[in-house]
Every structure is written in structure tokens, then in C-alpha cells.
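Here the structure is laid out as C-alpha cells; the discussion comes afterwards.
The values are calculated or read from the model by the stated rules, or taken from the named source; none is laboratory data. Given the structure is predicted, the values throughout are model-derived calculations rather than measurements. All Cβ positions, even for glycine, are placed from backbone atoms using ideal geometry, and neighbour counts span all protein chains on display.
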Amino acid sequence: MSDEKNREEKNEEKPLEDLGVSGLSRKPRKWQTCTPSSLPEVIIKRAYEVGVVSEDSRAATYFQIDHSVLSRAVQKAFQGQLEVMSTKEAMKKYDWSKKYWWNLINKDMDQFTRLAYTKWDHGYFIRILEDQKVTLPLQSCFFVFTDYLNQNVHNVIIAEPGSEAQIITGCTVHPNIRGGLHVGVSEFYIKEGAKLTFTMIHAWNRNFNSHPRSAALIEDDAVFVSNYLLFQPVRNLQTYPTAYCKGANSRVEFNNIIYGSGDSHIDVGSKVILQNSGARGEIITRALATDNAKIYARGLLQGEHEESKAHLECRGLLLSDNAMIYTVPELLAKAQGADLSHEAAVGKIAEEEICYLMSRGFSEKEATSLIVRGFMDVSIFGLPRNLEENIKRIISITAERAL
Amino acid sequence: MTRNILEVNNLSVEVSGRIVLKDVNLKIPEGEVHVLFGPNGSGKSTLLMTIMGFPAYKILSGEIIFKGRDVTNLPINERANLGINVAFQNPPTIRGVKLREIIEHWTSSMMEVENLLKKVNFSPELLDREINLGFSGGEIKKSEILQIMAQKGDFLMIDESDSGVDVENLKIIGNAINDMLRGRSGLIITHHGHILRFVNAHAAYVILQGTIVCSGSPTKILTQILTEGYGWCYKCPMRRIEKRKMKRNR
């Protein structure tokens, strides 16, 4: 019996309705392989909103619609530096790759990981080869085209020793989608001396559910920067990526910008586990809630080595009396000398700040917009310039919508 | 006859349920700079905030006339755009908003920005910092002056720009304010009067417990305060006359 068939059978006792999302489909139409720029305008436009642009300005592009992989191309100039393929393809091609599957995340962790294990709809395998510095970002897009679809992807990203790359992943839906469920499992392996900047931008809709499950293993002198941005309403979104700073002088940064609107229920956290000497971690979260949105912003720093250090900063801004932000910062020291700290502040825009800007000639609306835009400013994240510009553009649109 | 750029008539103001200004009257002719003296908590900054239109300062009675127009109920930004600009004593820190965004809102070229920066010896790097976040005391004062220089209003209110700054910065700030006030009108609040070494003021007032108790020559009043302290003002015969006047008006 094939591994996949075995998985399907195991899941028979777990119908999708148990996941709190009824009427989901697992039978979308099949899409032919093509270049993303030849796709219908509506798809290109939505993909653009989550940072996915023309493949010419990216080192590589992976594009998946529903359960079909449309593109997994590496630009000529970058061939030999990296590999991009579907995870199903990688599993067949490289027998050794199996050790990277379900290694950092337990497939029985929860109902969503079990679903992704048993009903697996591709996902990308990205490998940056040893000592290769990829100068242009790589991009990937998970697009849901079919109404009430369940899409479960499993991604594996390996940054081989001494390599450097930036990956932008945009996840979004067709504007006419009424609901659905996306489960994304991502396992990151950042090997000795490697540096990976991973930026994930989500734009779902008000009746869509998303449950990403991610973990990263960071080896000696390696750096992992994970940026997560959510700008559109969602019914239910829950994610809590974990970074294991296993290597000496390993470093992780989690930067989250969450804009909750409509009736969104958003539960976002990051966990940093410091396991070696010189391990460093930082979590920065900006949560902005309007309408009836509820945002839970979590963070856990776990110091297991005496020469480790991490900081957590969470700031929340409420733009509506019906919205809610609940911050849950946790520090767990398991070794003397582990230096862990956190700061959190949640509140409305201070009237004093609005008045000050008004005294400089800005209208109340302009003053609020300046503060909201500034609150979501990504320049503190130290992103590559082109990516930063891209995100600023998205933030500008979001700030306009927020007001 | 010179017209008044600002008239404050019988102004009484409440802050958080407490009456802070009582029947304040003030007239500043166009082109004149007036000074407001007073001990801590006497209502000096309250007067400035009320003229600027901050909603926490609730007007119980009276009116504010600017350039002949009643601005008592105008929003803050409309007053600012009419030409009332203020350099605050304790401006808030505004995270996420860069000083550059305010300066560039009011200037038309990089050269203009550079000229303004030079006038207050302000580091260009500070323009890309969040407003007042991590600024030193001197930098905050200079940032305020820089902003009102960029705004180019006709009536400038300057609140304690000379307090808490070292000798060199006082000179820079003093000269910049003097330069800015040339041909304009203003109201300056000062505790110690250091700024008056640089600025030629036409008249001064003393405010005690929310009431303007006397007016006169800035130098004379300042000398009296520096020699006798505000204790003298409480005993001053002028104050008793003022009190009697107020009682009669009621």
C-alpha cells in the first residue's frame, strides 16, 4: 500500500466537519502547468496584493492553485544555486529528503496537522545550495480558487551551510470565494552559517479559515528571520511557529504585523527555544484591531542555556470599542543566566498624539492615518529594500481601508 | 491703527473638572511679541493649549479672536492652518511617525529642509527618528522650533523653549526664535527669562492662579520676579485692584 493511500485511510475516521468547517470540498478542477503571468488578471491582482509579482524579478517562483502546481521555475541566472519543486516531487526524487518530513512538527500535534498528513496537496520544497547567496528573492503563492475548498500544503525549506536567501510566500483566495480551509505545514532547516529571511503575507476573506503550522531548526551561526503579515479579514486564523535555536550563536527573529478587521478571530504567536551558547531570539508583534476583531498575540521565550538571550515586544492598537487584543507573553527560564525579557502595551490611539499632529496642520483623519501607518511600519524589521517597498504599498492600502 | 492679531476675551477654562483659567483677557497687536510669566501651575500652558483648541481644555465662557475671526470653536488643525503655531513644552512621543513626515508636509524642497536644519543645528538623522522617541531635552526643544519654523505661521506661541537646555543650545534656540519672530507676532512663556536675551518683547503679563494680575514692561517685570520671586506678585497692589475688578464684573 502506498504511503499516501495509507494516510488517506487513516484519516477516514476524521471527517472534515470535525474541524469546525462544514461543507468543504476536496475535488477542485485540475490546472495545467503555466507561467503565473499568463493567469487571469483577477488571480494576478490578488497575488500581487500578497507580494507575488512577475517571475522576472524573482530568483524562482512556485505557484499553486487549489491542489495543482502550476509553476516551479528557477530563473536561468540562478540555476545551480537553488532548487524549487513540489514536496511530492522532492520526496520521489530524493530519498534522503524523507528525514526532513514531519521531523520538527509532530503529525499528531492537532487535528490540522493530522489533516495535512493524511490529505496532502503538495506544497514547495526549496533548497538553497551550500554557500550560495541568492541575490533576488524567491517567491511562492498558494491560491485558493475553488469555493469551500480544503487545501493542505506541506513545505520543506532547507538552507544549506553558508547559504543566504529571502523567500516571500503569499497566500490568498479568489475574491468570490465564500469560505474554505487552508492548512500549511512548513519545516525550515537553517544549517550552519546560513541566513534565511522568510516573509509570509496572508490575505484571506471573512469566512475563510487558516491554520499554518511551522517550525524551524537553526544550527551554529545561522540566522532565521520570519516575518508574518496579515491584512485582510479571516474567520479563524491560528498559528504558533516554533524556532529551535539549536546551534551555538544561532539567531531567530519573528516579526508579526497583524491587522484584524470584520469579525476575524486571530490567534498568532511565536515560540523561541534557546538551546545553545550565544543563542538569540526576538519576537516583535504589532497587532491592530478594528470592527469586531479579536486578536490573541502570544509569545513564548524558553531559555535552556545559560548564555542565551531573547526579548519579546508586543504592541496592540485598538481602533474600535468592539475589538479586542489579548497579549500573552510568557518567559520560561530553564538555565541560570538565560536572559529573557518582554514588554507589552495595548491601547487606543492617544488623543494627545492626534491633537499634537493636528496642531501641525493635519486633519483628525490624516493624523490617525499617520499613526496607523506608522504603527505598521516595517522599516524596523530591516527587510530587503524591494520587499520593504512592496509591503509598504500593501500597508498603505490597509491603512486607507482601516480608516 | 495696528489691529490685534489675537484677542482673548473673558476666557474661563476648566480642565478635568477644575477651573484653571478665570476671566483671562489678552490683546496682542500684529507684529508684537508678548511674554507670559507665572509660577508652576498658574495656567500659562493651559492658556496656550486653549488658544490652540485642545479639547481637554473646556471653555466655560469667553472667546478667542484671531485675525478678526472668532476661532473659539474651530478644530486644532484649522487654527494651525490659519497661522497659530505652537512649540510645546512637553510634546508627546509618537511612535511610528517620523519627524520628517511633519517637516516635509510643510516644505517644498530638500534645500528648504536643509536650511531649517542649519538654523537650529539639528542633525538630519533625527528626521528619520520617531517623533521625540529617545530625543534628548535639547533635541525636543529644537524639534519643536524646527516644526514651527516649517509651518511658517503668523502667530507663534513658544512654551518654555529655554528651559532645560545648555548654554550653546540656548543661544541657537534663542537666535532661531528671534529670527522667526521677525515681522511676526508671538506669545512666549518663560520661567527664567533666558529667552528674552535674544528676543525683543513688547509687553509682559503675570498670571497667578489662572488670572492675569498685571502687565507691563517685560524687563521690569522679569527683574522684579528674579529679585523678589512670585511671592511678591501675590502681595502686589496691582493684583488687589485686579481682584476687585473681577468681583465687580461678577
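Can you find, within the range A:337-363, the residue that is farthest from the chain's Cα centre (by Cα) among those that are acidic (Asp, Glu) and at the interface with chain B (Cβ under 7 Å from one of its Cβ atoms)? Break it down into steps so the answer makes sense when it comes.
Initially, the range A:337-363 is screened for residues acidic (Asp, Glu), giving A:339, A:343, A:351-353.
Add one more test, that the residue is at the interface with chain B (Cβ under 7 Å from one of its Cβ atoms), and what stays is A:352-353.
Values: A:Glu352: 35, A:Glu353: 32 Å.
Going through the qualifying residues, I end up with A:Glu352.
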>> If I ask for residues that are assigned to a strand (DSSP E or B), without any contact (Cβ under 8 Å) to a residue 40 or more places away in the chain and either more than 30 Å from A:Leu319 (Cβ to Cβ) or assigned by TED's automatic domain parsing to the domain that holds A:Lys392 (or both), which ones from the range A:253-279 would you list?
In response: A:Ile273
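Within the range A:280-339, which strands (runs of 3 or more DSSP E) (wholly inside it) include 3 or more residues that are in contact (Cβ under 8 Å) with a residue 60 or more places away in the chain? Steps first, please.
Working: elements: A:280-289, A:294-303, A:309-318, A:324-333.
Hits in the range A:280-339: A:280-289.
Please specify each residue of the range B:73-88 satisfying the condition of being assigned to a helix (DSSP H, G or I) and more than 7 Å from chain A (Cβ to nearest Cβ). Steps first, please.
Residues of the range B:73-88 that are assigned to a helix (DSSP H, G or I), as a first pass: B:76-82.
Selection gives B:Glu78, B:Arg79, B:Leu82.
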> For B:Leu127, are the conditions met, namely being of a type outside the set (D, E, K, R) and under 16 Å from B:Asp179 (Cα atoms)?
Replying inline: no
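Give me the residue from the range B:82-94 that is surrounded by fewer than 18 Cβ atoms within 10 Å (Cβ to Cβ) and not small (Gly, Ala, Ser) and, out of that set, farthest from B:Gly134 (Cα to Cα). Break it down into steps so the answer makes sense when it comes.
Residues of the range B:82-94 that are surrounded by fewer than 18 Cβ atoms within 10 Å (Cβ to Cβ), as a first pass: B:82-83, B:90, B:92-93.
Then drop every residue that is not not small (Gly, Ala, Ser), which leaves B:82, B:90, B:92-93.
Working: B:Leu82: 31, B:Asn90: 14, B:Pro92: 12, B:Thr93: 9 Å.
Looking at the filtered set, the residue picked out is B:Leu82.
Considering every residue within the range B:89-96, establish whether at least one is among the charged types (D, E, K, R) and either within 14 Å of chain A (Cβ to nearest Cβ) or under 21 Å from A:Thr368 (Cα atoms) (or both).
Taking the range B:89-96 as the starting set, the residues that turn out to be among the charged types (D, E, K, R) are B:95.
This time we only want the ones that are either within 14 Å of chain A (Cβ to nearest Cβ) or under 21 Å from A:Thr368 (Cα atoms) (or both), so: B:95.
There is at least one residue in the range B:89-96 that is among the charged types (D, E, K, R) and either within 14 Å of chain A (Cβ to nearest Cβ) or under 21 Å from A:Thr368 (Cα atoms) (or both).
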> What are the residues in the range A:165-187 that are surrounded by fewer than 24 Cβ atoms within 10 Å (Cβ to Cβ) and in contact with a Cys (Cβ under 9 Å, 6 or more places away or on another chain), if any?
Replying inline: A:Gly184
>> Going through B:Glu78, B:Glu125 one at a time, which residue ends up being at pLDDT 95 or above and either of a type outside the set (A, V, I, L, M) or under 30 Å from B:Arg3 (Cβ atoms) (or both)?
In response: B:Glu78
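Residue-by-condition table, conditions (1) assigned to a loop (DSSP other than H, G, I, E, B); (2) in contact (Cβ under 8 Å) with a residue 12 or more places away in the chain; (3) more than 17 Å from B:Val35 (Cα to Cα):
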residue	(1), (2), (3)
B:Lys118	no, no, yes
B:Met157	no, yes, no
B:Lys171	no, yes, yes
B:Gly174	no, yes, no
B:Gly183	yes, yes, no
B:Ile188	no, yes, no
B:Asn200	yes, yes, no
B:Cys214	no, yes, no
B:Thr227	no, no, yes
>> Can you find, within the range A:302-323, the residue that is nearest to the other protein chains (Cβ to nearest Cβ) among those that are surrounded by fewer than 22 Cβ atoms within 10 Å (Cβ to Cβ) and closer than 20 Å to A:Tyr228 by Cα?
In response: A:Arg315
>> Quick check on my filter: what residues within the range A:149-176 are over 27 Å from A:Arg29 (Cβ atoms) and not small (Gly, Ala, Ser)?
In response: A:Ile157, A:Ile158, A:Glu160, A:Pro161, A:Glu164, A:Gln166, A:Ile167
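Output yes when any residue across the range B:28-45 is among the polar types (S, T, N, Q), in contact with a Phe, Trp or Tyr (Cβ under 7 Å, 6 or more places away or on another chain) and surrounded by 20 or more Cβ atoms within 10 Å (Cβ to Cβ), and no when none is.
Step one: of the range B:28-45, the residues among the polar types (S, T, N, Q) are B:40, B:42, B:45.
Remaining after also requiring in contact with a Phe, Trp or Tyr (Cβ under 7 Å, 6 or more places away or on another chain): none.
So far as the range B:28-45 goes, no, none of its residues is among the polar types (S, T, N, Q), in contact with a Phe, Trp or Tyr (Cβ under 7 Å, 6 or more places away or on another chain) and surrounded by 20 or more Cβ atoms within 10 Å (Cβ to Cβ).
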> Within the range A:99-141, which residues are out of contact with any Asp or Glu (no Cβ under 9 Å at 6 or more places or on another chain), over 17 Å from A:Ile190 (Cα atoms) and in a helix (DSSP H, G or I)?
Replying inline: A:Phe112, A:Thr113, A:Leu115, A:Ala116
> Of the residues that sit in the range B:97-118 and are charged (D, E, K, R) and within 17 Å of B:Gly153 (Cα to Cα), which one is farthest from the other protein chains (Cβ to nearest Cβ)?
Replying inline: B:Glu112
> Does A:Met200 satisfy the criteria of being closer than 30 Å to A:Gln79 by Cα and in contact (Cβ under 8 Å) with a residue 12 or more places away in the chain?
Replying inline: yes
>> Just to verify a result, which residue in the range A:188-206, among those that are assigned to a loop (DSSP other than H, G, I, E, B) and crowded, with 24+ Cβ neighbours inside 10 Å, is farthest from the chain's Cα centre (by Cα)?
In response: A:Ala194
>> Looking at the range B:56-69, can you tell me whether even one residue there is surrounded by fewer than 22 Cβ atoms within 10 Å (Cβ to Cβ), of a type outside the set (Ser, Thr, Tyr) and within 10 Å of chain A (Cβ to nearest Cβ)?
In response: yes
> Taking the range A:364-376, which residues are free of Cβ contacts under 8 Å to residues at least 60 places away in the same chain, within 27 Å of the chain's Cα centre (by Cα) and facing chain B (nearest Cβ under 9 Å)?
Replying inline: A:Leu370, A:Ile371, A:Arg373, A:Gly374
